[in-house]
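K.L.:
Sharing a structure below in structure tokens format, with a few things to ask.
The values are calculated or read from the model by the stated rules, or taken from the named source; none is laboratory data. These numbers come from a predicted model, not from an experiment. Positions of Cβ are backbone-derived with ideal geometry, glycine not excepted, and every protein chain shown enters the neighbour counts.
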Amino acid sequence: MARQNLSIVQLSPGEVTPEVKGLFNPRDPASLRCQAVLEDHAAGKIFTDHPETPAWVVLQELAFGSIYLGGKLDVDLAKELIGALQADGDVLVGLQDEDPRWVYLPSPADYAGFTLEFTDRIGGSELPGLPEGCELRQLDESLGKQIVGRNMLIHMFGSIQRALEWGHGMCLLRAGELLCEAFAGPAANGIIEIGVETHPHHLHHGYGYITCAHLIAKMEGQGYQTYWNCAQSNQASAGLARKLAYRSENQYRLKAWFKKSRTDSMPVN
């Protein structure tokens, strides 16, 4: 059942109605992550005033802490929600500079910068070969603590088991040692996000490019469009996206409010 107060209802993904989904703009930056939470393919929190006749919705995906704003919010209520969410972690918002919804957000932010999202990849090129002595393998639980992005996957999906059920991982190994891993997920509406982690001891050898290229080809072979997202300041990640032949590059503003201790709690029960 929904947990509700006079003005705020927290929904589980199974309680999300078409009316709630309809308040989100699919053209918002990184909207794939929002849709994945709505479809229960990624961990998140969903708040609204009423599930059947909502005037507003605020959704937070838990991997990065990004929130998504739908409908017409009350400014004070929106700021109260964001402040309460800071008790559990950082809160991020990505919008275009001219978006009128910035008025809902506290000022000033603890961080302001730009993020890039990449789409529309040129496929069909020959895949890179593997370094001598290396093999590609599906990412699975048998790799245990070797999984470099283990904590991120748990935050994103709720557990490693859910991550491996809802996503697709591939890793580059040499003599049983994990050198690099690439992960596809979450997915929504036929689009799937790509992420990569290289073991700190094996950076700058091109392992990320090799692993991502093979994973992306596999995902495209299954009918997905792939998506890449990184901070503008992360030149290595942006350069890898370009090397992987993504053609469309969109920049948007990202603001963050960092985690803080609070004695009060979210105004729902």
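For (1) of a type outside the set (Gly, Ala, Ser); (2) closer than 26 Å to ARG162 by Cα, each residue gets a yes or a no:
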site	(1), (2)
ARG174	yes, no
GLU193	yes, yes
HIS199	yes, yes
CYS212	yes, yes
MET219	yes, yes
GLN235	yes, no
ALA241	no, no
ASN250	yes, no
TRP257	yes, no
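K.L.:
If you don't mind, another one. Restricting the search to segment 14-73, which residues are in contact with a helix residue (DSSP H, G or I) (Cβ under 7 Å, 6 or more places away or on another chain) and aromatic (Phe, Trp, Tyr)?
P.N.:
Listed by number, the residues that qualify are PHE24, PHE47, TYR68.
K.L.:
Name the single residue that is surrounded by the most Cβ atoms within 10 Å (Cβ to Cβ) among those in segment 28-75 being among the basic types (Lys, Arg) and farther than 14 Å from LEU11 by Cα. Break it down into steps so the answer makes sense when it comes.
P.N.:
Going residue by residue through segment 28-75, those that are among the basic types (Lys, Arg) are 33, 45, 72.
Checking the rest, the ones that are also farther than 14 Å from LEU11 by Cα come to 33, 72.
Numbers: ARG33: 27, LYS72: 10.
Restricting to residues being among the basic types (Lys, Arg) and farther than 14 Å from LEU11 by Cα, the top hit is ARG33.
K.L.:
Give segment 170-189 a look and list any residue that's at pLDDT 95 or above and within 28 Å of ARG27 (Cα to Cα), or say none.
P.N.:
Within segment 170-189, ALA182, PHE183, ALA184 qualify.
K.L.:
Looking only at residues that are within 19 Å of CYS212 (Cβ to Cβ) and touching a residue at least 40 places away in the same chain (Cβ under 8 Å) in segment 147-165, which one is surrounded by the most Cβ atoms within 10 Å (Cβ to Cβ)?
P.N.:
Kept after step one, since they are within 19 Å of CYS212 (Cβ to Cβ), are these residues of segment 147-165: 147-150, 152-153, 156, 163-164.
Of the ones still in play, those that are also touching a residue at least 40 places away in the same chain (Cβ under 8 Å) are 148-149, 152, 156.
Values: VAL148: 20, GLY149: 18, MET152: 16, MET156: 27.
Of everything passing the filter in segment 147-165, MET156 is surrounded by the most Cβ atoms within 10 Å (Cβ to Cβ).
So that you can scan it fast, the table gives a plain yes or no per residue for (1) closer than 15 Å to ASP40 by Cα; (2) in contact with a His (Cβ under 8 Å, 6 or more places away or on another chain); (3) not in a strand (DSSP E or B):
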{"position": "GLY144", "(1), (2), (3)": "no, no, yes"}
{"position": "LEU173", "(1), (2), (3)": "no, no, no"}
{"position": "LEU178", "(1), (2), (3)": "no, yes, no"}
{"position": "PHE183", "(1), (2), (3)": "no, yes, no"}
{"position": "ALA187", "(1), (2), (3)": "yes, yes, no"}
{"position": "GLU193", "(1), (2), (3)": "no, no, no"}
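For every residue, the table says whether it meets (1) at pLDDT below 95; (2) charged (D, E, K, R); (3) in contact with a strand residue (DSSP E or B) (Cβ under 9 Å, 6 or more places away or on another chain).
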| position | (1), (2), (3) |
| --- | --- |
| LEU215 | no, no, yes |
| GLN235 | no, no, no |
| ALA241 | no, no, yes |
| LEU244 | no, no, yes |
| LYS255 | no, yes, yes |
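K.L.:
Right, next: Hey, can you tell me all the residues within segment 87-104 that are surrounded by fewer than 20 Cβ atoms within 10 Å (Cβ to Cβ) and either in a loop (DSSP other than H, G, I, E, B) or of a type in the set (Ser, Thr, Tyr) (or both)?
P.N.:
Of everything in segment 87-104, those that are surrounded by fewer than 20 Cβ atoms within 10 Å (Cβ to Cβ) and either in a loop (DSSP other than H, G, I, E, B) or of a type in the set (Ser, Thr, Tyr) (or both) turn out to be ALA87, ASP88, GLY89, ASP90, GLN96, ASP97, GLU98, ASP99.
K.L.:
Which one of these does LYS145 not meet: (1) over 17 Å from the mean Cα position of the chain (by Cα); (2) modelled with pLDDT of 95 or more?
P.N.:
(2)
K.L.:
Let me spell it out: the conditions are (1) assigned by TED's automatic domain parsing to the domain that holds LEU139; (2) of a type in the set (A, V, I, L, M); (3) buried (at least 16 other Cβ atoms within 10 Å of the Cβ), and ALA236 meets all of them except one. Which number is the exception?
P.N.:
ALA236 satisfies all of (1) assigned by TED's automatic domain parsing to the domain that holds LEU139; (2) of a type in the set (A, V, I, L, M); (3) buried (at least 16 other Cβ atoms within 10 Å of the Cβ) except (3).
K.L.:
Restricting attention to segment 105-135, and to residues there that are on the phi < 0 side of the Ramachandran plot and among the small types (Gly, Ala, Ser), which single residue is surrounded by the most Cβ atoms within 10 Å (Cβ to Cβ)? Let's see the steps before the verdict.
P.N.:
Applying the first criterion (on the phi < 0 side of the Ramachandran plot) to segment 105-135 yields 105-119, 121-123, 125-132, 134-135.
Adding the requirement that they be among the small types (Gly, Ala, Ser) leaves 107, 109, 112-113, 123, 125, 129.
Numbers: SER107: 8, ALA109: 18, ALA112: 10, GLY113: 12, GLY123: 12, SER125: 11, GLY129: 8.
Filtering first and then ranking leaves ALA109.
K.L.:
Also: If you check ALA109 against the conditions, is it closer than 27 Å to PHE47 by Cβ, part of a loop (DSSP other than H, G, I, E, B) and out of contact with any helix residue (DSSP H, G or I) (no Cβ under 6 Å at 6 or more places or on another chain)? Break it down into steps so the answer makes sense when it comes.
P.N.:
Values: closer than 27 Å to PHE47 by Cβ: yes; part of a loop (DSSP other than H, G, I, E, B): yes; out of contact with any helix residue (DSSP H, G or I) (no Cβ under 6 Å at 6 or more places or on another chain): yes.
Yes, satisfied.
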